[in-house]
Structures are given as structure tokens and as C-alpha cells.
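Note sheet for the following structure.
Please treat every number below as a calculation from the coordinates, not as lab data. What you are looking at is a predicted structure, and each value in this text was computed from that prediction instead of being measured. We place every Cβ from the backbone using ideal geometry, glycine too, and count neighbours over all the protein chains shown.
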Amino acid sequence: MLLQLQKHRINRQLRQQSTRAMTMIELLVVITIIMLLTAVMIPTVRYQYRNRALREAERQLIAFVGSAQARAQQLGRPVGIWIDRFSESETLAGTNYAVAVYIAEIPRPYTGETRNELVRIVSENNNLYLRFNNSALNLGNRLIKPTEYFQIQFANHGPFYTAKRTAANEYILVRDLNFGRIPIPTTALSVGAHQQKLPIGVPYKIQRRPKKSFLPPLRLPAGAVIDLSVSGMGAAGGQFWRTARTTDPVIIMFQSDGSVERVLHNHKDERPLGWVHLLVGRQNQVFPDKELLDKDDNPIGFNRFTDEATETGNVMDMKNRWISINHRTGSITSEQVVGNIPPIAPKQDSQGSLRIAAARALVRTGTGSGGN
């Protein structure tokens, strides 16, 4: 009998313990601990994710450039990357940053509609005009748009010369070295298309402007962009920056050996004399494309190094990365931005070139981490 009473007492105690709930104080303590842990962990996770987007964008862009160089080697003709300026819609001009990059390819050379088409050079009004024996081309070529630049080779040998179709449907050889890769050698032309004994002209080969490939594009992770406001060529170049919105992309073409063949930007066609630098940064730190005004609404210029919302531009953030391409060898280097730029008086650096050069110090000197 005594044994049964003890057993009954033990079972009742076990039932009471199993049904006992937490008190209000205990519950509040648990909730408080969870809230404290959440408050500590959220900034850490957010910071890691934010930097992970930049690292992933850097890795993807390097791989994409490498794939363009490999395709140029495979096809035996120039292939590059087409950097589209971001736009809110197709009807609006683009901004100073990009989130999508495409493969750019040059169509097969154009030699005319028929086998016997020729071209000659006519010098008029201090200009060198191209005259085709096919009158339809002189009136307008559907493959070359007005104001568009192209490359032309005479007599199927020698270098390609830069030419332009004007708005008036004239084809002019470009003399300006800022647009063309090489000057116009009149002595060489005198034995070719400009020779008086061949007034009818010589065969030609036109290398047209690069076009977007149908290959899948690269879309950078959310929040990461290519900041074109501080990207460019050379030690301190910011050639890709535009003070006004534009639809003109930045196109970097590679030879079959991986070297940079030319760079098309802002309606220019240039052969770079230095490395090509692309800054991978954050969208909210891109320099605004509106001119800054003082309290009286007078323009005071542009400032690519600070932003009213963040107080830090992409070129001042040491978490961002430079993706730099050697124009001679095509090698790709990744280095962090030098954000601790020494103070420089605005009057001494009105265009920002000194500060951009300082931000690229690790790339120029080769003293950085060597990239990933």
C-alpha cells in the first residue's frame, strides 16, 4: 500500500512538472536575449552581403573580359565588351554607371555589293573625301549610319584608316589623331587610292563599328555597378564620364592576342596609350549626373568624389575595386581603391585628374595585393 502511494505521488509530480509553463519574467528575458542577438548580427550579415556583391561583381567582370579575349583568339578578329549605360527606360538616355555588359563583335569586313566595287580619294576644301564607284554608296550606305566612324583599308593591304560618314552623307578620312589610330600617310596613298594613274579607284575593305553579340550578357549583382564617372584610360584618365546623359556606350575591343585594339566612347574611336581602368563600386555612391548649384542656384561644377547622401564617392571608398586592363598585353589586374587621398586644392585639380591618379596608385605602382 505504501509503495502504491509513493508511486502515485511521483506520477503526480511528473505531470505537474511537464505541464508547468514559463513565467512572464522568464519569457521576457528570453525575448530580450533574442532581440539583442538579432541587433548584433544584422549589421554584420548586412555588411558581409554588401561586400560580397562587390567581390562577386569583380570576379564576374574579370571572367567576362577574359571570355571576350578568348573569343577574339578563337575567331581571329577583334572581340570586346560593350558596357551599356544604365537607363530607367529605353526612351531615356543613360547615366554614368552600368549594370549590364555585353560581348561586342565586329561584323565581317564589307567589300561592296558587287565584286568590282572601287573607291578613290578626292581632296577638296582641305578634306579627304571617299568616292565610291557605286553611286548608291555615295548617296547613303545602310550599313554605316550618319555620324558613325568606321575603318577602311585600301587595295586589300596596309593599315586600316579611320573614316566618318557625316550627316550630309559624305565619307571623310579622319586626320585628328585623337579619333584615329594612325595619321593619314599621303605618301603611301599616292601609290594607292590617290594615284592619278588610277582615277577609277582601288578595291577597299570596310571594318564596321562593333555590334552587340547574341551571347548572354553579364548582369552585375544587385547594388554593384561599373562607375563610369571615374573610369577611363591612362594613369589619370576619366574619359568615360559625361556631364550630361547619353546613350553612347563604352566599347573595349581586343585583338586576337588579348591586347586592347581600340576603345569607343563618347562618339570617339581611340587607341589607348595607357591601361584601361574600370571601377566596380556601389550604385548609391555614383556621382550624380546633375551639376551642383550654390544657394543662389548658380552652377558650381561637378564633384565626383563626394555625394550629398553618402558623403563618399566610389573613388573614395577603399572597399571598391579597380579592374584594370593592360593595353599592350591584355593582362587583367584587380586592386583596391586608394581611398585616403591627400587633400588637393580644387583650383589645382579642377578636372579631378590628380585625385583619380592617386586612387589608382596601387594599380600604377604594382604594390597592391595583386587582385583575386
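3J(HN,Hα) couplings calculated from phi for segment 105-121 with the Karplus curve 6.51 cos²θ - 1.76 cosθ + 1.60 (θ = phi - 60°) are, in sequence order, 10, 8, x, 4, x, 9, 10, x, 7, 10, 6, 9, 7, 10, 9, 9, 10 Hz; Gly and Pro show x. Peptides 117-124, 236-243 ordered by packing proxy, namely the average of other Cβ atoms within 10 Å per residue, highest first: 236-243, 117-124. Per-residue Karplus couplings for segment 211-221, computed as 6.51 cos²θ - 1.76 cosθ + 1.60 with θ equal to phi - 60°, are listed in order as 10, 5, 7, 7, 5, x, x, 9, 10, 5, x Hz, Gly and Pro entered as x.
Could you list ARG282, ARG142 so that the one with the fewest beta carbons within 10 Å of its beta carbon is first and the one with the most is last? Let's see the in-between values first.
Working: ARG282 23, ARG142 7.
Placing the least packed residue first, the sequence is ARG142, ARG282.
The H on the amide N of LEU128, modeled in the peptide plane, is under 5 Å from the matching H of LEU173, each at least 5 residues off or on a different chain.
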